[in-house]
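*Asks:* Pasting a structure below so you can have a look.
Here, each number is a calculation from the coordinates, and none is a lab measurement. No experiment lies behind these values; they were computed from the predicted model shown. So basically every Cβ, Gly included, is an ideal-geometry build from the backbone, and we count neighbours across all protein chains shown.
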């Protein structure tokens, strides 16, 4: 680390997601490390970032104001996948490279999504609650669960996580459909039937799992009309981004019994809360599983995340181009301070 100029300042947002090894290694390397909590006001974030060399973020919104105030910033490192909270255009205009860590939890998140899918079919939540309250229950019609075998799974998005989900579903003998207009036919995995329209996929599926990125095209992709296409017995799983689903429409569909159930790990407004949140009414629904955006959170995935985050930090601190391994076109459009893992610029 002798080739890193000291001292240097690092701001890390979202300190609630503990990154103890990242914090310790950066401090050992000479960093003045500022940890900011969830919900830090934009003005405070801009003030702290003004003299920072590195900005590490996970969920915090990184606005144009924050970026333009950061005159020393060498990089914005998203320790995670989604980059929708970063004003990428402003970062490019200021010549600040932006990188993420896209592959640390592909299998992990797919496992989480499949576990929640299985929990819906097997009615884990109501049966668990009944056992906790009564000590034992007998086989009555209200506890009847369902088989996964023979049920059709529809995937919205067939990237790396979606493909892992398809493989798991196939092992349970579930027919798999997918809708992904951006995936070339040659890249379509065997055993997954392609749907030309989202509505066709929704109508044919017994369960739908969302695995696309959030951008201008996918925000609100699953709205009232799309939910109305789904079978009244179908399940919806979302481990991607809350804003991909019109949550008000989803709430109405669930409360009215027009959907079999849902499992959610992501929300348009986080954190979720039992009171005062648009989705608070879902807490007591026996056919709804609410997860606290933790489908990525395993020992193994966090090891990979910290390794990759530190690698990007030290590239920036040494003045090297930052490695972009994501295929997201917003990151691939960068022309300064980056190199692409596939051999591009």
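*Asks:* What is the antiparallel percent of DSSP beta bridges lying wholly in the stretch 106-290, to the nearest 5? Could you put the intermediate results ahead of the total?
*Replies:* Values: 0 of 23 bridges.
Looking only at bridges with both residues in the stretch 106-290, the antiparallel portion is about 0 percent.
*Asks:* So what is the orientation-averaged projected area of the stretch 106-290, using the convex hull of its C-alpha atoms, in nm²?
*Replies:* 10.9
*Asks:* Once you put a point 7 Å from the Cα of residue 182 and another 7 Å from the Cα of residue 132, both along the Cβ direction, what distance in nm separates them?
*Replies:* 3.8
*Asks:* Counting only helical runs of four or more DSSP H residues, what would the 222 nm mean residue ellipticity of the chain come to if each run contributes -39,500 (n - 2.57) and the total is spread over all its residues?
*Replies:* It lands at -9500 deg cm²/dmol.
*Asks:* Right, another one. How would you rank 188, 143, 138, going from fewest to most other Cβ atoms within 10 Å of each one's own Cβ?
*Replies:* Values: 188 15, 143 12, 138 6.
Listed from fewest to most nearby Cβ atoms, that is 138, 143, 188.
*Asks:* Still on this structure, I have one more. Estimate the FRET efficiency between residue 298 and residue 216 by the formula 1/(1 + (r/R0)^6), using the beta-carbon distance for r and 35 Å for R0, to the nearest 0.05. Provide the component values of the computation, followed by the final result.
*Replies:* Values: r = 31 Å, r/R0 = 0.90.
Efficiency computed from Cβ-Cβ geometry: 0.65.
*Asks:* Report, in degrees rounded to the nearest 10, the 0 to 90 angle that the Cα long axis of helix 299-317 makes with the longest principal axis of the chain.
*Replies:* 30
*Asks:* Also: Taking a quarter of the surface of the convex hull around the Cα atoms of the chain, what do you get in nm²? Don't skip to the answer; put the middle values down first.
*Replies:* Values: hull surface 75.7 nm².
So the mean shadow area of the Cα hull is 18.9 nm².
*Asks:* Give the angle, between 0 and 90 degrees and rounded to the nearest 10, that separates the Cα long axis of helix 106-122 from the longest principal axis of the Cα atoms of the chain.
*Replies:* The angle comes out near 20 degrees.
*Asks:* Return the distance in nm (one decimal) between the two label points of a simple spin-label model at residue 103 and residue 270, each offset 7 Å from Cα along Cα→Cβ.
*Replies:* 2.3
*Asks:* Taking Rh as the Kirkwood radius computed over C-alpha pairs, what is the Stokes-Einstein D of the stretch 34-155 at 37 °C in a medium of viscosity 0.692 mPa s, expressed in µm² per second?
*Replies:* 180
*Asks:* Here's a follow-up. Calculate the spin-label point distance for residue 160 paired with residue 94, positioning each point 7 Å from the Cα along the beta-carbon direction, and give it in nanometres.
*Replies:* 2.8
*Asks:* For residue 196 and residue 286, FRET efficiency with R0 = 22 Å and r from the beta-carbon atoms, rounded to 0.05?
*Replies:* 0.05
*Asks:* Any chance you could run the full-extension gain for residue 33 through residue 307? It's 0.36 nm times the residue separation minus the Cα-Cα distance, nm to one decimal.
*Replies:* 96.8 nm
*Asks:* Would you mind ranking 63, 205, 164, 273 by Cβ crowding within 10 Å, fewest neighbours first?
*Replies:* So the residues, fewest neighbours to most, are 273, 63, 164, 205.
*Asks:* Right, next: When only Cα pairs under 8 Å and 6 or more residues apart are kept, what is the percent relative contact order across the stretch 106-290?
*Replies:* This gives 20 percent for the stretch 106-290.
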